[in-house]
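Below you'll find the structure, written out as structure tokens, and then a few comments.
Bear in mind that the values in this text are calculations on the coordinates, not laboratory data. Predicted, not measured: the structure shown is a model, and the values here were computed from it.
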Amino acid sequence: MSQEIIDFDTNPPVVADEYEQTASLALPGYEIMHTFVLACLRSYLPETANLLVVGAGGGVELVRLGQSNPQWQLLGVDPSAKMLAIAEQKIAQHQLSQRIKIIQGYVQDLPTDPVYDAATSILVMHFIPDEDSKLAFLKGIAQRLKTSAVFILIDVYGTKGSPELDTIIATVHAYWQETGFPVDKQKQFMENFNNGVYPLSEGKILELLHQAGFSNVIRFYTGLWVGGWMAFKG
């Protein structure tokens, strides 16, 4: 398997302005997943809090969190200029520019001070090819969080080639047939999955989270091949 890193500017798996629509069709439970994220964060955070959104993408997550919580301050970081341009438009459209800031780059580019009350990484880490880099990614997030801060991780998970994941993928295809996801989009999505997505088993994800300094990990969401975990900075 080739170890490609997907670049959302030069070689995007989905055209930037089609990303949200494609994700909502391709990933079962995409909309409710974001509602669960909001619920998890609101159950642990005070009315006033600073949040770090890693892989801010087109800004849907930033706007959703910002609109629902009028005293939260958010920083979104993402390497894609095209995706952040879309995010910037959404932030301005919803008049959230005073509370939501965005930075082009990676989490390791951010200062370790100030530290944040919470962080999210939604559908990001599975694009990182190797386990060492995934661990460095998680450690980079942990280093920027306060003790006991909550961290939300959502990714495609499973072991490629395993009977378990193959069965889930067959179910995903059946789901796509039921929801009318176009066949050409299905093929493109699976090509991107096979060549540029590097999921881990849940056991390995838990292991990396613990190694990065997180504890009390709880899986709060499952959408066929997408899992969501809530963890706390030790």
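Its convex hull of Cα atoms gives the chain a direction-averaged projected area, equal to a quarter of the hull surface, of 11.9 nm².
In this structure, the pairs whose alpha-carbon distance is over 26 Å, taken from Lys101/Lys139; Lys101/Lys187; Lys134/Lys233; Lys101/Lys185, are Lys101/Lys187; Lys101/Lys185.
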